[in-house]
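Trainee: Have a look at this one before I ask anything.
The values are calculated or read from the model by the stated rules, or taken from the named source; none is laboratory data. Model, not experiment: these values are computed from the prediction. Counting neighbours? That spans all protein chains shown, and the Cβs are built from the backbone with ideal geometry, glycine included.
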Number of protein chains: 2
Amino acid sequence: MLDTALDQWFTANRSRAFDDLFAFLRIPSVSARSEHNGDVANAAAWLHAQFERIGFSVRTHPTAGHPIVLAEWRKAGPDAPTILIYGHYDVQPPEPHALWTSPAFEPTIRDGKLFARGSVDDKGQVFIHLHALEAHLAVRGALPANVLVLLEGEEEVGSEHLEAFVAAHAERLACDGVIISDSAMFAPGIPSILSSLRGLAYFQIDVQGPAQDLHSGSYGGAVVNPAMALARILATFHDEQGRVAIPGFYDDVRGWPTDVLAGMRNLPFDEAHFLKEVGASALGGEPDHTVLERLWTRPTCEVNGLLSGYTGEGAKTVLPATAMAKVSCRLVPDQDPERIRTLMQAHVDAVAPAGVRVTVRALHGGRPWRATLGGPLFDAAREALGAAFGREPVITGEGGSIPVVGDFARILGAPVLLMGFGLPGENAHAPDEWISVENLDRGVRATALLYDLVRR
Amino acid sequence: MLDTALDQWFTANRSRAFDDLFAFLRIPSVSARSEHNGDVANAAAWLHAQFERIGFSVRTHPTAGHPIVLAEWRKAGPDAPTILIYGHYDVQPPEPHALWTSPAFEPTIRDGKLFARGSVDDKGQVFIHLHALEAHLAVRGALPANVLVLLEGEEEVGSEHLEAFVAAHAERLACDGVIISDSAMFAPGIPSILSSLRGLAYFQIDVQGPAQDLHSGSYGGAVVNPAMALARILATFHDEQGRVAIPGFYDDVRGWPTDVLAGMRNLPFDEAHFLKEVGASALGGEPDHTVLERLWTRPTCEVNGLLSGYTGEGAKTVLPATAMAKVSCRLVPDQDPERIRTLMQAHVDAVAPAGVRVTVRALHGGRPWRATLGGPLFDAAREALGAAFGREPVITGEGGSIPVVGDFARILGAPVLLMGFGLPGENAHAPDEWISVENLDRGVRATALLYDLVRR
């Protein structure tokens, strides 16, 4: 249970808190657009000032891109745990503006939702921590743990300078656990701990046939068509049952704890609703796994793009010189992007027909991540979320990838807790992004309680 | 043997003939570009004036596109045969200009080649007939046959109005044979009669997966990927041996006369040279057929274009909503484009996976054509070419399609003779288009002799 004094402080300061959050959301800190570089710097400066105001020592570290703000409060003593909170203050571009009901950088509450670019991704969730920390310091003059807050301005553009910063400051950032609030709950009213992320191995496959485009009438039938060769190569990537058929692909897949799988099976997942959301007539993938297992616990191999020959209106009888596919594999523990690259290369070499030259180029890679469920931080999060939302949190997975999570776990050797307060349909990268006002209220309380419980 | 008087007339008029041809070639009659509409009309007017000058009655027929010039000389009497000569006065766009050694519309002779846009396709070959007809009329005041010359200005943009014109004027165009000089000889010094053309059935296959592009991490593994579905569909179009595997595809393929096949096997075809020209490491297609058989006598199924998802630089993790392929089949007698469409649709329906919607749209079709070898026109062409080039002509095929050939054969019920004077590497649709000067000289003589021999 949350300390009554903290709870009352939240109630008393609610109006001012929204004013503060609105001010933060009004800064158009779009990291992808250089014309917003000043705004991104302003958002960093706003956070710097806020954390100083509540009692942290703050330093803004310039990078070759946008600055990293590191706020520290280390007065809990050597026996107290140290936690590192990570978040980001940059936002996605707001375009297309026309599709926003209210302006992207003019925060507006409608129907219990706070609409603004960055409201859920991730300024609103950063603010939850700022406000919970302020509550502790205001009510008690101290925090129950040593707290480091690391805030970057490049998450939406690939966190280019974060890993090097963490590695360079590993000693300073040493901690007992990392908390990240940049994800969503499974459903409204269901607090969630995100326990796994898939990794990624992204490739470009280029097939070179003849030296130049040929007339498909004059040459067709005797020249190997690179687009057809590519299709035949791609068709070998799965078997008839939807399993990836690249030899060795599943070798390093580690089984999932039965209680985690059982928990996922018990989630109130509505397949018909999912199908409607997707807009397809039927689902696909491995039939011996549930949909959530396919999305969270199983690796994939997808075509992300295809290009060859003539793609305009009407008919052009070209036998293309080249064909290209973008192909990416989502990975699960303990698959390694580099090992998958080797397997992909070997498989493509084995199935590529004579008469074309096929190259496989690795474009991007990221390791999968899975939390070790249990331990003081997780136990504290379970209890804090349970108390704030009135029900036990569920354990979820995520099919996408957040490379920084693996970086924190690997470089700092600390457990990472992904405790997010977004919701499905929150439009994180789309017009009309929103965060639930109820989740803001419950989120600050859950977070404030969590700080107390990690001390225990 | 060509009449000595005609031969001497060609020699005496050679210099003036090149002046005339150069004037024709200088007109940039690019039918595809509306800014050249005036030039296209000028080329028609030039032909109109020339045929009038040599003694033909000429009428220029407007169409919704570029005009059709019909020149007639019908004074050979009712017992003489009537021949229809078809050609086109429009040319391909010249771009890119930078790749031309001399300007596209400034005819230039280098190393025995006359370079200009339209030199071989088809102004130079139209000029061969004009000049041969002029020789007869100048030397003898008469032609040995009734001659109709039909010249269109839309061949390079699909001959959109030709079929309707021929059908509307079928009685007026009634003839004992059609001569078209718009093709190439097998090799330098080897006169050739083109005896077959492949037909075409061109499709666009669209695969619709989810209602919109999805994040490949969040959805990958449970949603059917339309690009992967398309690849798997395309991969069923051939078997492992390179034969088309669409059920029923070969049902209507009529066997080829053994003497035609034997003649093709005896052609001096250099596979290593072909491979070098193509620029691939190995050839493909049906291994139990020679390369020329694959190109000329066998039907194909080729991918002409592919498009899906993200095709730019780098990595984007999209699960595409749609995937598209342009696919075309080259057809041989007696395959029918409409029947192939039915088979393609049935096959795609049979192999398309659940979870995507696949549509097959027919974009373009054309029937294959095969000459009936033998008969007065062919016998005359064999002898005339043999005399002019000093060796027996060979019978060749063509993998591409020329729809008007089938139209003439079908509407007029007359045999069509394809007697071309181009050469391999002539760059018909590329920069530095050329025609062999020797072939111009031999071509006018062969053609003039042919007119005499059809009378026999």
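Trainee: In segment B:332-349, which residue that is under 26 Å from B:Trp256 (Cα atoms) and outside any loop (DSSP other than H, G, I, E, B) is nearest to the chain's Cα centre (by Cα)?
Mentor: Kept after step one, since they are under 26 Å from B:Trp256 (Cα atoms), are these residues of segment B:332-349: B:332-344.
With outside any loop (DSSP other than H, G, I, E, B) added as a condition, the list becomes B:337-344.
Numbers: B:Pro337: 18, B:Glu338: 21, B:Arg339: 23, B:Ile340: 21, B:Arg341: 23, B:Thr342: 26, B:Leu343: 26, B:Met344: 25 Å.
Step by step, filter segment B:332-349, then rank; the result is B:Pro337.
Trainee: Further, regarding this structure: Going by the structure shown, is B:Ile68 in contact with a Cys (Cβ under 9 Å, 6 or more places away or on another chain) and not basic (Lys, Arg)?
Mentor: So B:Ile68 does not fit the description; no.
Trainee: Then there is this: I need every pair where a residue in segment B:414-441 that is closer than 30 Å to B:Arg172 by Cα has its Cβ under 6 Å from the Cβ of a residue that is hydroxyl-bearing (Ser, Thr, Tyr), sequence separation at least 6 or different chains.
Mentor: Qualifying pairs under 6 Å: B:Leu418/B:Ser183; B:Met419/B:Ser181; B:Gly420/B:Ser181; B:Gly420/B:Ser183.
Trainee: If you check A:Phe115 against the conditions, is it among the aromatic types (Phe, Trp, Tyr) and within 21 Å of A:Pro67 (Cα to Cα)? Reasoning before the result, please.
Mentor: Details: among the aromatic types (Phe, Trp, Tyr): yes; within 21 Å of A:Pro67 (Cα to Cα): no.
For A:Phe115, the condition - among the aromatic types (Phe, Trp, Tyr) and within 21 Å of A:Pro67 (Cα to Cα) - is not met.
Trainee: Just to verify a result, which residue in segment B:227-283, among those that are farther than 19 Å from B:Thr297 by Cβ, assigned to a helix (DSSP H, G or I) and not aliphatic (A, V, I, L, M), is farthest from the chain's Cα centre (by Cα)?
Mentor: My answer is B:Arg232.
Trainee: Ok, one more. Output the number of the condition that B:Thr236 fails; it satisfies all remaining conditions of (1) within 14 Å of chain A (Cβ to nearest Cβ); (2) at pLDDT 95 or above; (3) touching a His at 6+ places or on another chain (Cβ under 8 Å); (4) crowded, with 18+ Cβ neighbours inside 10 Å.
Mentor: The number of the failed condition is (4).
Trainee: Check segment B:105-115 and report whether any residue there is at pLDDT 95 or above, on the phi < 0 side of the Ramachandran plot and of a type in the set (Gly, Ala, Ser).
Mentor: no
Trainee: Filter segment A:178-206 down to residues that are of a type in the set (Phe, Trp, Tyr) and either more than 14 Å from chain B (Cβ to nearest Cβ) or assigned to a strand (DSSP E or B) (or both), then give me how many there are. Before the answer, list the steps.
Mentor: Taking segment A:178-206 as the starting set, the residues that turn out to be of a type in the set (Phe, Trp, Tyr) are A:186, A:202-203.
Now narrow it down to the ones that are either more than 14 Å from chain B (Cβ to nearest Cβ) or assigned to a strand (DSSP E or B) (or both): A:202-203.
The qualifying residues number 2.
Trainee: Exactly one of these conditions fails for B:Ala170: (1) surrounded by fewer than 23 Cβ atoms within 10 Å (Cβ to Cβ); (2) within 9 Å of chain A (Cβ to nearest Cβ). Give me its number.
Mentor: Only one criterion in (1) surrounded by fewer than 23 Cβ atoms within 10 Å (Cβ to Cβ); (2) within 9 Å of chain A (Cβ to nearest Cβ) is unmet by B:Ala170, namely (2).
Trainee: Considering segment A:308-331 alone, what residues qualify as being crowded, with 24+ Cβ neighbours inside 10 Å, more than 19 Å from the chain's Cα centre (by Cα) and more than 8 Å from every other protein chain (Cβ to nearest Cβ)?
Mentor: A:Val327
Trainee: Out of curiosity, is B:Gln335 farther than 30 Å from B:Leu6 by Cβ, more than 11 Å from chain A (Cβ to nearest Cβ) and crowded, with 22+ Cβ neighbours inside 10 Å?
Mentor: yes
Trainee: Show the residue pairs that are 6+ apart or on different chains and have beta-carbon atoms under 7 Å apart, the first residue being within segment B:278-307 and more than 7 Å from chain A (Cβ to nearest Cβ), the second being crowded, with 19+ Cβ neighbours inside 10 Å and of a type in the set (Asp, Glu).
Mentor: B:Trp296/B:Glu398
Trainee: Still on this structure, I have one more. Being at pLDDT 95 or above and basic (Lys, Arg) is the filter; apply it to segment B:1-57 and report the residue that is farthest from B:Glu106 (Cα to Cα).
Mentor: The qualifying residue farthest from B:Glu106 (Cα to Cα) is B:Arg53.
Trainee: Given the conditions (1) under 23 Å from the mean Cα position of the chain (by Cα); (2) among the aliphatic types (A, V, I, L, M); (3) within 26 Å of A:Ala12 (Cα to Cα), report the number of the one that A:Ile54 does not fulfil.
Mentor: Status for A:Ile54: all satisfied but (1).
Trainee: Under 7 Å by Cβ, and 6 or more places apart or on different chains, what pairs join a residue from segment A:88-102 that is at pLDDT below 95 with one that is of a type in the set (A, V, I, L, M) and surrounded by fewer than 21 Cβ atoms within 10 Å (Cβ to Cβ)?
Mentor: So the pair list comes out as A:Pro93/A:Ala32.
Trainee: If you don't mind, there's one more thing I want to ask. For segment A:232-249, enumerate the residues that are touching a residue at least 40 places away in the same chain (Cβ under 8 Å) and either outside the structural domain of A:Val348 (by TED's automatic domain parsing) or closer than 16 Å to B:Ala227 by Cβ (or both).
Mentor: Hits for segment A:232-249 are A:Arg232, A:Ile233, A:Leu234, A:Thr236, A:Phe237, A:His238, A:Gly242, A:Val244.
Trainee: Report every pair of residues separated by at least 6 positions or lying on different chains whose Cβ atoms are under 6 Å apart, first residue within segment B:215-229 and assigned by TED's automatic domain parsing to the domain that holds B:Thr322, second part of a helix (DSSP H, G or I) and of a type in the set (A, V, I, L, M).
Mentor: B:Gly221/A:Leu295; B:Ala222/A:Val291; B:Ala222/A:Leu295; B:Val223/A:Val278
Trainee: Check segment A:254-277 and report whether any residue there is at pLDDT 95 or above, more than 30 Å from B:Gly305 (Cβ to Cβ), touching a Pro at 6+ places or on another chain (Cβ under 9 Å) and of a type in the set (Lys, Arg).
Mentor: yes
Trainee: For A:Val120, work out the one condition from (1) buried (at least 24 other Cβ atoms within 10 Å of the Cβ); (2) in contact with a helix residue (DSSP H, G or I) (Cβ under 8 Å, 6 or more places away or on another chain) it doesn't fulfil.
Mentor: Of the numbered conditions (1) buried (at least 24 other Cβ atoms within 10 Å of the Cβ); (2) in contact with a helix residue (DSSP H, G or I) (Cβ under 8 Å, 6 or more places away or on another chain), the odd one out for A:Val120 is (2).
Trainee: Taking A:Leu412 as the residue in question, decide whether it is in contact with a Cys (Cβ under 8 Å, 6 or more places away or on another chain), assigned by TED's automatic domain parsing to the domain that holds A:Gly112 and not charged (D, E, K, R).
Mentor: Yes, satisfied.
Trainee: For segment A:349-400, how many residues are within 12 Å of chain B (Cβ to nearest Cβ), under 28 Å from B:Gly221 (Cβ atoms) and surrounded by fewer than 15 Cβ atoms within 10 Å (Cβ to Cβ)?
Mentor: Matching residues across segment A:349-400 total 1.
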